[in-house]
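Since the structure comes first, as structure tokens, the remarks are kept for the end.
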Amino acid sequence: MWLINTTTLRLQGFTTPSKRKYAILSHMWEDEEVSFQAFADLGNAGKLKGFAKIERTCEEAKSRGLEFAWVDTCCIDKSSSAELSEVRNFLTRSIDSAAYPEQGDQLHVPVVQRLRRVLRLPFGPVDW
């Protein structure tokens with residue numbers, strides 16, 4: 001699984017991400033989001049509108065003592081079926097209990113539903 005180092009803004013791969021604490025940003029996608037492939041070139045990725053969300057997430061995570069962050073747009077290599085399967089399994093276990101909400105104290109339910117739809121996860125009940 002890929003996580004963003006909040007200091008370097010570089011992706012780092014981990015086989016056991018559950019052993020680390022990290023922020024999670026899952027949000028409503030807009031134009032010019034930063035994909036996994038685009039994130040490899042920070043110079044160009046930084047020109048996309050969606051990069052500001054990634055920077056803000058990393059700044060906030062770092063201010064709270066977190067070394068890493070996971071952002072749904074750029075931490076998933078959607079061209080890899082093995083990685084998609086790994087992320088689906090991970091999110092099925094943890095998305096309802098771990099989130100770094102961008103809006104207030106509650107995770108925006110449509111954001112979770114969109115992420116589940118993108119990753120083809122079952123919708124199930126949401127208790128927020």
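The values are calculated or read from the model by the stated rules, or taken from the named source; none is laboratory data. Since this is a predicted model, take the numbers as computed values, not measurements. Quick reminder, even Gly has a Cβ in these numbers, built from the backbone with ideal geometry, and neighbours come from all protein chains shown.
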Worksheet, complete the sentence: Of the candidates GLU67, GLU30, the one satisfying the condition of being of a type outside the set (Phe, Trp, Tyr) and free of Cβ contacts under 8 Å to residues at least 60 places away in the same chain is GLU30
Worksheet item: What residue, among those in the stretch 1-17 that are farther than 16 Å from CYS58 by Cα and without any contact (Cβ under 8 Å) to a residue 24 or more places away in the chain, is surrounded by the most Cβ atoms within 10 Å (Cβ to Cβ)?
Response: PHE14
Item to complete: Inspect all residues belonging to the stretch 95-111 and state whether any of them is modelled with pLDDT of 55 or more, outside any helix (DSSP H, G or I), among the hydroxyl-bearing types (Ser, Thr, Tyr) and over 18 Å from THR7 (Cβ atoms).
Response: no
Worksheet item: Residues of the stretch 21-51 being of a type in the set (A, V, I, L, M), surrounded by 14 or more Cβ atoms within 10 Å (Cβ to Cβ) and under 15 Å from the mean Cα position of the chain (by Cα), which ones?
Response: ALA23, ILE24, LEU25, VAL34, ALA38
